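Below is one structure, written out as structure tokens; comments come after it.
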Amino acid sequence: MRTLLLLMLMAMLPSAGALELSSRHHPVGVGVPETMKLSEGMKADDQGQLACSTCHGVENLEKRKREDIEEIRRRHADDFLRGGPWKKLDDFCFQCHDEQPYQRLNIHVQLDEQGKPGEENCKYCHREVPDRKHPPKRGDLKLRLPVERICLGCHLNTPHLNAVEHSRKPEEEMRKRMAEAEKTHQIILPLGEQGQVSCVTCHSPHQKGVIDPGHPAGRQVAERPVEDGPDYQPSRWSPIYRADKEARLVELERTLGQPVNLDYRRLVGEVLMRLPAADGSLCRACHQFDD
Ligand code: HEC
Ligand code: HEC
Ligand code: HEC
Ligand code: HEC
Ligand code: HEC
Ligand code: HEC
């Protein structure tokens with residue numbers, strides 16, 4: 001589901017004059033199947049097809065100018081997408097689409113209501129369930145795939161901007177800073193088999209509480225339930241951020257041959273992170289920023 005969203009939410013290329021929709025925008029002018037029930041307030045057009053007004057509560061949106069869209073969105077916070085504002089875009093999609101087929105098993109939900117781990121989930125990644133109280137040495141974890149590849153069956157290697165650029169081996173200087181951060185924050189920042197930054201360098205694959213919180217591998221940020229994922233707020237700077245990144249992004253997409261998500265929103269709730277990113281702590285574990 002997320003992948004679909006990411007594909008669709010890619011910023012549209014700016015263009016002067018009439019409103020052009022990005023190729024990633026939701027299809028318009030397609031028939032609504034009989035089996036699909038639209039929620040109240042949403043109507044197909046005379047031909048039973050999706051029109052702009054089916055989803056958007058803005059009159060003549062198709063005739064508006066590109067440069068006015070941000071302002072229109074701000075003024076129509078409630079009905080730019082009908083029934084909004086939507087905290088999670090998925091919920092808007094489920095006004096028409098069935099939720100079930102899109103649900104993927106979130107294997108990071110690992111504790112039951114009693115706080116006990118369900119072992120089936122562990123086995124997606126571990127051939128044998130490791131001892132949580134006395135974690136084995138890294139070489140004895142019996143992971144099904146090397147750490148740097150274990151997330152990629154379910155996630156793209158481009159889950160967000162800058163993930164790909166990060167799969168590099170840190171220089172000596174940075175490795176020293178990482179070792180210091182591991183000590184100061186009592187965390188781990190595990191690298192891939194060739195010493196490169198990988199998903200688990202920044203993310204913990206485990207729900208908080210699976211690994212003893214007194215153990216460095218068990219220390220992590222969990223500001224939200226893992227089921228909910230991280231939370232973002234639209235950023236005031238989004239148009240600027242997008243314009244700034246557009247050229248690099250197009251280039252990156254060409255290189256990768258696949259679309260890349262644009263992170264132009266402000267992070268307000270984090271989960272599965274080894275250190276908080278919103279306040280820069282995570283970044284500073286590796287990077288030194290000049291004031
Ligand atoms: C099936 C629902 C649906 C229909 C029909 C639809 N849209 Fe959208 N539209 C969306 C969603 C979802 C978004 C993404 C909203 C977001 O980013 O929060 C969106 C975003 C947009 C945006 C903002 C994106 C941007 O980058 O500026 C514009 C403009 C837009 N739609 C115009 C239109 C127009 C014009 C039509 C008719 C030709 C149309 N839409 C029909 C669902 C729809
Ligand atoms: C107003 C109802 C409505 C809403 C809201 C809606 N869709 Fe759709 N969607 C449709 C219809 C109708 C079709 C075309 C018929 C079909 O494929 O079932 C469709 C088709 C699709 C397709 C298939 C496109 C293709 O080219 O085959 C995807 C993917 C999709 N929607 C995703 C989404 C996502 C993601 C959202 C939320 C951002 C969303 N839809 C919101 C009605 C809706
Ligand atoms: C999505 C894949 C994934 C799942 C699911 C998963 N693990 Fe892990 N686990 C890893 C990876 C990768 C590492 C090595 C990096 C690290 O320590 O975080 C690891 C490390 C560990 C460690 C050693 C921590 C350390 O470094 O000292 C323990 C203990 C562990 N897992 C237990 C579990 C248990 C128990 C479950 C099920 C409740 C589970 N894991 C589910 C991927 C996973
Ligand atoms: C078996 C499939 C699977 C594997 C393997 C997997 N994930 Fe996930 N992950 C999911 C699903 C499903 C979600 C829920 C959101 C979604 O649908 O994208 C998710 C969500 C996340 C989130 C967002 C937080 C949240 O709770 O929604 C992060 C971060 C994440 N995964 C990191 C990782 C990392 C790091 C690895 C590798 C160690 C990994 N994942 C391996 C299926 C998987
Ligand atoms: C340099 C650090 C870093 C690396 C490397 C990294 N991420 Fe992330 N990731 C983040 C931050 C920061 C967030 C947003 C905060 C959060 O999830 O709480 C995030 C968010 C996510 C989300 C949630 C997106 C959403 O909006 O729901 C997923 C899924 C994810 N990462 C998967 C991955 C995978 C898979 C990899 C490896 C291919 C990876 N990340 C590599 C820092 C990183
Ligand atoms: C685990 C260490 C680590 C963490 C944590 C980390 N980075 Fe990086 N970052 C790297 C490495 C390694 C590179 C590759 C280039 C280099 O050596 O400088 C890189 C490169 C970058 C680049 C340049 C990408 C390009 O275009 O080449 C940016 C921008 C960046 N990081 C920002 C961030 C931000 C923002 C955060 C916090 C959310 C963050 N990094 C967290 C290690 C890290």
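My understanding is that a pair violates if its Cα-Cα distance is over 21 Å; which of Lys123/Lys208; Lys137/Lys183; Lys116/Lys208; Lys63/Lys87 do that in this structure? Working shown, then result.
Values: Lys123/Lys208 18 Å; Lys137/Lys183 18 Å; Lys116/Lys208 12 Å; Lys63/Lys87 27 Å.
Violating the 21 Å Cα-Cα cut-off are Lys63/Lys87.
Please work out the FRET efficiency for the pair Ala277 and His26, using the Cβ-Cβ distance as r and a Förster radius of 25 Å; give the result to the nearest 0.05. Each step should come with its number before you reach the end.
Values: r = 30 Å, r/R0 = 1.19.
Calculated transfer efficiency: 0.25.
Charges only on Cβ, +1 for Lys and Arg, -1 for Asp and Glu: so what's the dipole of the stretch 170-235 about the Cα centre, in debye to the nearest 20? Let's see the in-between values first.
Numbers: 7 positive and 11 negative charges, 35 e Å.
Dipole of the stretch 170-235, to the nearest 20 debye: 160 debye.
Using amide H atoms built in the peptide plane, which far-off residues or other-chain residues are under 5 Å from Gln207 H to H?
Counting only residues 5 or more places away or on other chains, the set is Gln110.
Kindly put Leu21, Leu81 in sequence by how many other C-beta atoms sit within 10 Å of each C-beta, fewest to most. All intermediate terms of the calculation are to be shown ahead of the outcome.
Working: Leu21 12, Leu81 19.
Neighbour counts put them in this order, fewest first: Leu21, Leu81.
Please find the FRET efficiency linking Glu119 to Asp228, where r is the Cβ-Cβ separation and R0 is fixed at 35 Å, and quote it to the nearest 0.05.
After rounding, the FRET efficiency stands at 0.90.
Reachable aspartates and glutamates from Lys37, Cα under 14 Å, same-chain residues fewer than 8 places away excluded?
Asp98, Glu99
Quick check: net charge around Glu99, other residues with Cβ under 10 Å of its Cβ, Lys/Arg +1 and Asp/Glu -1? Show your work: numbers first, answer last.
Numbers: positive: none; negative: Asp90, Asp91, Asp98.
Neighbour charge sum, excluding Glu99 itself: -3.
We did not get these values from a lab; they are worked out from the coordinates using the rules stated. Since we're looking at a predicted model, the values are computed, not measured. Please note: Cβ atoms are built from the backbone with ideal geometry, for glycine as well, and neighbour counts cover all protein chains shown.
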